[in-house]
Amino acid sequence: MAEKIIEIYREELDYRANESYKALRTNIEFCGDDIRVISLTSCTPNEGKTSISFNIAKSFVENGKRVALIDADLRKSVLIGRYRVGGVECGLTHYLSGHNKLEDVIYRTNINNLDIIFCGSHSPNPAELLNHDRFEDMIGALREEYDYVIIDTPPLGSVIDSAIVARAVDGVIIVIESNAISYKFAQSVKDQLERANCRILGVVINKIPMDKKRKYGKYYGKYYGGYYGAYGE
């Protein structure tokens, strides 16, 4: 697997952000050693879930784990553009539609032990593709190869794709931008995940001012059993 090597451009995190991701990684590890396939979703676009997905994967790699990052946002992927990736010929849609084998769509990166499956070409039926048996087959195969599988999925407040993915994972993290999402909206996303019988690991409150971190911990932590702060896009 993963014979193609691509360059990932990424800015180094500052100390505060780096410590936040270490704390998030530790909290995920304390969820149990059976939590190895994790998806991330949000309520709306632009809350920062793609960056958080990437940095969680990178944090696990820095801790000695082998990680696969899957871009399952088949409707509006930003991963390739954000990290200035070139040379990607095929991705998740090519595998799920039966055009390529799994090994064809896994790319090694210049970050040691981090492999990525990009979204692939635009698909007119992303929900149907994600609901195909090939998706669960892929997750099963990746479990054998990697310590963790991190899946970036579309906002659940906009489309149903994340709930479909949630049925195949061990747990979901909800990313919420501070001062942007109401409790009622967040609750509706939580309810959709629960209807998919998915374990919700917690909430990441993103882009939070330092002086408001404690307040948001009370606001969302009360309902989701915990939260983690993160910074940046």
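Quick look at the values:
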{"read-out": "Verdict on I38 being in a helix (DSSP H, G or I) and under 14 Å from the mean Cα position of the chain (by Cα)", "value": "no"}
{"read-out": "Members of segment 38-79 that are of a type in the set (V, I, T) and more than 20 Å from L130 (Cα to Cα)", "value": "I52, I56, V61, V67"}
{"read-out": "Subset of segment 71-94 [hydroxyl-bearing (S, T, Y) and over 16 Å from the mean Cα position of the chain (by Cα)]", "value": "T93"}
{"read-out": "Failed item, numbered, when S51 is tested on (1) of a type in the set (S, T, Y); (2) touching a strand residue (DSSP E or B) at 6+ places or on another chain (Cβ under 8 Å); (3) within 23 Å of L193 (Cα to Cα)", "value": "(2)"}
{"read-out": "Number of positions in segment 97-119 that are within 17 Å of A68 (Cα to Cα) and either at pLDDT 95 or above or of a type outside the set (S, T, N, Q) (or both)", "value": "16"}
{"read-out": "Hits in segment 155-187 (condition: in contact with a Gly (Cβ under 7 Å, 6 or more places away or on another chain) and either surrounded by fewer than 20 Cβ atoms within 10 Å (Cβ to Cβ) or farther than 20 Å from F54 by Cβ (or both))", "value": "E177, F185"}
{"read-out": "Which listed residue is over 19 Å from D170 (Cβ atoms), under 16 Å from the mean Cα position of the chain (by Cα) and in a loop (DSSP other than H, G, I, E, B), from E11, E47", "value": "E47"}
{"read-out": "Which listed residue is out of contact with any Leu (no Cβ under 6 Å at 6 or more places or on another chain), of a type outside the set (D, E) and at pLDDT 95 or above, from R82, R143", "value": "R143"}
{"read-out": "Selection from segment 30-61 of residues that are under 15 Å from Y146 (Cβ atoms) and without any contact (Cβ under 8 Å) to a residue 60 or more places away in the chain", "value": "D33, K58, S59, V61"}
{"read-out": "Selection within segment 18-35 - in contact with a Leu (Cβ under 8 Å, 6 or more places away or on another chain) and not in a helix (DSSP H, G or I)", "value": "C31, I35"}
{"read-out": "Residue count for segment 57-84, restricted to those that are assigned to a loop (DSSP other than H, G, I, E, B) and crowded, with 18+ Cβ neighbours inside 10 Å", "value": "5"}
{"read-out": "Residue ID - nearest to V165 (Cα to Cα), chosen from residues in segment 12-44 that are buried (at least 16 other Cβ atoms within 10 Å of the Cβ) and basic (K, R)", "value": "R36"}
{"read-out": "Residue in segment 37-57 that is out of contact with any Ser or Thr (no Cβ under 8 Å at 6 or more places or on another chain) and over 26 Å from I181 (Cβ atoms) present", "value": "no"}
{"read-out": "Whichever residue in segment 98-154 is of a type in the set (G, A, S) and not in a loop (DSSP other than H, G, I, E, B) and, among such residues, is surrounded by the fewest Cβ atoms within 10 Å (Cβ to Cβ)", "value": "G140"}
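The values are calculated or read from the model by the stated rules, or taken from the named source; none is laboratory data. Please read these numbers as outputs of a predicted model, since none were measured by experiment. Don't worry about glycine lacking a Cβ; one is built from the backbone with ideal geometry, like all the others, and counts go over all protein chains shown.
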